[in-house]
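All remarks here apply to the structure that follows.
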Amino acid sequence: MKAAIASRPREREFGFGEADHRAIAELAYREVGILLPASKAQMVYGRLAPRVRACGLSSVADYIGLIDSDAPERGRAIDALTTNHTFFFRENHHFDDFNRLVWPDLKARLASGGRVRLWSAACSSGEEPYSWLMSMLGSDRSGGKRLLSGDFRMLSTDVSPSVLATAKAGIYPANVVETVPGPLAKTWLNKSGDGFEVDPALRAAVVFNVLNLLGDWPIRTTFDAIFCRNVMIYFDGPTKARLQARLADALKVGGLLCIGHSERLDGEVARRFEIVGRTSWRKVA
Ligand SMILES: C[S@@+](CC[C@H](N)C(=O)[O-])C[C@H]1O[C@@H](n2cnc3c(N)ncnc32)[C@H](O)[C@@H]1O
């Protein structure tokens with residue numbers, strides 16, 4: 001669990017000055033596009049202090065020196081700096097839009113042997129892709145499994161390997177699954193110790209991969225729908241515009257793009273879409 005609240009500067013265990021924050025902010029921006037203004041210094045310190053300790057160092061400056069040459073540790077630093085907040089059935093209106101506008105045709109396509117490809121881009125610990133699946137399949141377990149046994153895949157990616165490990169395991173504490181509607185929880189979640197495990201049929205339908213949205217995408221398909229929600233809020237305007245244009249390219253004409261409720265499409269990119277719901281867009285060209 002990442003520290004949301006860090007110690008006050010004078011209580012800090014490790015040295016951490018303005019130049020250190022700037023160096024970390026430059027790294028985060030360069031590697032993953034995340035903006036970390038000076039106002040986030042306490043948060044940055046709180047997230048990196050455990051890594052400084054784990055590496056046996058006595059200051060963040062030493063840690064910056066280390067991650068300069070140690071690529072795996074640099075990856076762990078980036079992982080620690082990401083904000084992974086998510087929950088089951090977050091911004092539920094996107095699932096409703098998908099179910100209303102896109103899923104009926106996709107279901108028919110699957111039933112007649114066709115291919116369906118969906119992408120949860122920046123999926124964090126898996127609550128988003130599993131919610132999406134539960135919502136589209138409803139509480140008809142055998143009908144849902146039949147659809148999933150067709151040519152169906154949901155790609156789910158994130159830059160943070162630690163949250164992807166949780167997503168792949170598909171096991172969540174009881175309080176985390178509280179927002180799953182009762183009938184869907186009954187159908188798709190199985191009791192596992194003190195928590196719940198996502199049904200293996202849902203887990204098998206998802207391919208989880210580490211992917212930096214700013215880097216190369218080793219993806220050879222185009223998608224029927226993409227959810228890319230609550231990640232662009234961390235990016236600047238040019239990064240958002242570039243990413244949105246690439247997402248549009250990765251989508252089939254007629255496909256659905258859902259972005260977070262506080263995110264907007266760049267003007268140029270928006271011309272390729274019609275708005276079909278609150279922050280739901282359908283590709284027209
Ligand atoms: C706040 S979570 C949103 C999760 C989910 N989409 C939702 O709306 O609930 C943002 C996620 O974006 C990921 N992220 C940040 N920068 C990224 C990048 N450059 N490439 C891929 N994922 C990134 C983070 O690791 C984090 O898990």
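Kindly flag which residue pairs out of 145/252; 186/283; 40/240; 40/252; 240/283; 145/240 have an alpha-carbon separation exceeding 28 Å in this structure. Beyond 28 Å: 186/283; 40/252; 145/240. Among 234, 172, the sequence by solvent-accessible area, most first, with a 1.4 Å probe is 234, 172.
A dipole drawn for the chain from +1 and -1 charges on Cβ atoms has a positive end, and of 159, 222, 143 the residue lying farthest that way is 143.
Here the relative contact order of the chain, from alpha carbon pairs under 8 Å that lie six or more residues apart, stands at 17 percent.
Considering segment 212-265, its Cα convex hull presents a mean projected area of 3.7 nm². To put it simply, the accessible area of the chain at a 1.4 Å probe is 53 percent carbon and sulfur. Built from the Cα atoms of segment 242-284, the convex hull projects on average onto 2.6 nm², one quarter of its surface area. Let me have the relative contact order for segment 152-258, percent, based on Cα pairs under 8 Å that are six or more residues apart. Averaging sequence separation for qualifying contacts and normalising by length gives 29 percent for segment 152-258.
For the chain, the per residue solvent-accessible surface stands at 47 Å², with DNA, RNA and ligands left out and a 1.4 Å probe. Given in Å, the Rg to one decimal and the Dmax to the nearest whole number for the Cα atoms of segment 9-81 are 11.0, 31.
When you filter the trypsin sites (Lys or Arg not before Pro) in segment 183-263 for DSSP loop state and at most 11 other Cβ atoms inside 10 Å of their Cβ, you are left with 220. Applying Stokes-Einstein at 25 °C and 0.890 mPa s to the Kirkwood radius of segment 130-263, computed over alpha-carbon pairs, gives a translational diffusion coefficient of 149 µm² s⁻¹.
Pairs of Cα atoms in segment 138-207 fall into 5 Å distance bins, from 0 up to the last occupied one, in shares of 3, 15, 24, 24, 21, 11, 2 percent. Basic side chains Lys and Arg get +1 at the Cβ, acidic Asp and Glu get -1 at the Cβ, and with that the dipole of segment 9-81 about its Cα centre reaches some 200 debye.
Legend: P(r) of the chain from all alpha carbon pair distances, 5 Å bins from 0, whole percents, reading 1, 5, 12, 15, 16, 15, 12, 10, 7, 4, 2, 1, 0, 0.
Each helix, a run of at least 4 DSSP H residues, gives -39500 (n - 2.57); summed and divided by the residues of the chain, these come to -13000 deg cm²/dmol at 222 nm.
The values are calculated or read from the model by the stated rules, or taken from the named source; none is laboratory data. These figures come from a predicted structure and were not determined experimentally. In this analysis, Cβ positions are derived from the backbone assuming ideal geometry, glycine residues included, and neighbour counts consider all displayed protein chains. Just the protein is used for accessible areas: all its heavy atoms, side chains included, with ligands, DNA and RNA removed. Shrake-Rupley method; radii C 1.70, N 1.55, O 1.52, S 1.80 Å.
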